[in-house]
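Each remark here refers to the structure printed beneath this line.
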Number of protein chains: 2
Amino acid sequence: MILKIDFESEMPIYEQLRRQIIEGIAKGELNTGEELPSVRQLAEDIGINLHTVNKAYNVLKDEGYLVIDRRKGAMVKDILPEATKEYYDSLEKELKFIVADAYCRGMGKDEFLKQCERYFDEYIESRRERENGR
Amino acid sequence: MILKIDFESEMPIYEQLRRQIIEGIAKGELNTGEELPSVRQLAEDIGINLHTVNKAYNVLKDEGYLVIDRRKGAMVKDILPEATKEYYDSLEKELKFIVADAYCRGMGKDEFLKQCERYFDEYIESRRERENGR
DNA sequence: CTATTTGTTATATATATTATATAACAGCAG
DNA sequence: CTGCTGTTATATAATATATATAACAAATAG
């Protein structure tokens, strides 16, 4: 899986890593149980500090996406995190704002929903393709 | 319009203000052309520094939501910002991640879309009610 | 005219976050 | 033993966030 960091972005590097890894899991580029590069390896590959990678991994561990074995390294959990109440609450907050912004800018409900649907289908399709190839 | 700050939140105060004001516009609690409290007034009301309010106002000005008159203060723009290419790009990035996260957590496409639709309808309905009352 | 209000600008300070660098540690595999 | 894991510790630097205080120009209210 290819990870790309935008060093001009306001978004912290560890947060960019976190998001790309979650997107990678959604696409099926990263499978449950799959091992991730070691913190040192990944840090060297993308030219950042190992502590930055470590932070991303640990956030993902706390969220329930990864398990980290002190000796083997990080791997994607066999069972992905569930949609807990805390998750629903934060999702609602985030979505409400995004929808408000879109609505103010004159984006129609249908157009917005179509986009969401398209993104969902992209992940579903991507996973399906990869599962067939195995 | 009531603004509530969560001082425990990781989200910066000015960002909380920014989001609530956009949501207020979406709901129709704030109408185009309507004046906002002065930076000093609002800062005092919610117990924060005037520069924090000023930052929120200026971010919203840069985004095209507000006009700020040096003597009269801030007011909601008569014409709200459009969905520019930059906006679409940032929306796509944001939405793709959110969808990925939801998908990984086992949230169904229909459930996700239903929520988005509900939020849209809330804003539409809220605006309609307020327009009828005027 | 005077006093008050507006956003703006400037300076200073404190704190937290982000990212880096370097080093050392324990545990395990080859 | 050697080399690989993540982990811990310490230090440093830059940036973001928030506050405090003061002063300014421009307009308005009395």
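Per residue of B:63-75, other chain Cβ atoms within 10 Å of the residue Cβ number 1 on average. Taking amide H as placed 1.01 Å from N in the peptide plane, the amide H of B:Leu66 sits under 5 Å from that of B:Lys61, B:Lys77, each at least 5 places away or on another chain. Among B:Glu29, B:Glu63, B:Glu94, the residue with the largest mean-square fluctuation in a Gaussian network model of chain B, with springs joining Cα atoms closer than 10 Å, is B:Glu94.
Per residue, the accessible area of the range A:13-76 comes to 51 Å², computed with a 1.4 Å probe over protein heavy atoms only.
The Cα atoms of chain A give a gyration tensor whose axes a ≥ b ≥ c have a/c of 1.5 or more with a/b greater than b/c, which makes the shape prolate. When chain A is treated as a GNM with alpha-carbon contacts under 10 Å, the residue of A:Arg105, A:Arg40, A:Arg19 showing the greatest mean-square fluctuation is A:Arg105.
What percentage of the solvent-accessible surface of the range B:85-132, computed with a 1.4 Å probe over protein heavy atoms, is contributed by carbon and sulfur atoms? Its accessible area is 46 percent carbon and sulfur atoms.
The share of alpha-carbon pairs in the range B:13-76 lying farther apart than 17 Å comes to 32%.
Comparing Cα centroids, the range B:79-134 and the range A:37-111 end up 20 angstrom apart. Volume per residue for the protein assembly as shown equals 155 cubic angstrom (convex hull of Cα atoms). For the residues of B:86-99, the average number of beta carbons from a partner chain within 10 Å of their own beta carbon is 5. In this structure, the amide hydrogen of B:Ser38, modeled 1.01 Å from its nitrogen in the peptide plane, lies closer than 5 angstrom to no residue at least 5 positions away or on a different chain. For A:Thr32, the accessible surface of its heavy atoms amounts to roughly 70 Å² (probe 1.4 Å, protein chains only, rounded to the nearest 10). Among B:Ile79, B:Ile98, B:Ile22, the largest mean-square fluctuation in a Gaussian network model of chain B, built with springs joining Cα atoms closer than 10 Å, belongs to B:Ile98.
Taking the chain by itself as reference, the range A:22-51 contains these residues with an accessible-area loss of 20 Å² or more in the full protein complex (1.4 Å probe, heavy atoms): A:Ile22, A:Glu23, A:Ala26.
What the phi angles of the range B:2-12 give under the Karplus curve with 6.51, -1.76 and 1.60, with θ = phi - 60°, is a coupling list of 9, 10, 10, 9, 9, 6, 8, 5, 6, 6, x Hz, glycine and proline written as x.
Counting only DSSP H runs of at least 4 residues, each contributing -39500 (n - 2.57), and dividing by the residue count of chain B, the helix-based mean residue ellipticity at 222 nm comes to -20000 deg cm²/dmol.
Counting only the Cα atoms, the range A:85-132 fills a convex hull of 82 Å³ per residue. A straight Cα-to-Cα reach below 16 Å connects B:Lys114 with the lysines A:Lys93, A:Lys96, A:Lys109, A:Lys114, residues fewer than 8 places away in its own chain not being considered.
The values are calculated or read from the model by the stated rules, or taken from the named source; none is laboratory data. Please read all numbers here as calculations on a predicted model, not as lab measurements. Cβ coordinates were reconstructed from backbone atoms using ideal geometry, including for glycine residues, and neighbour counts include every protein chain displayed. The protein model used for the area step is the full one, side chains on, heavy atoms only, and it has no ligands, DNA or RNA in it. Shrake-Rupley method; radii C 1.70, N 1.55, O 1.52, S 1.80 Å.
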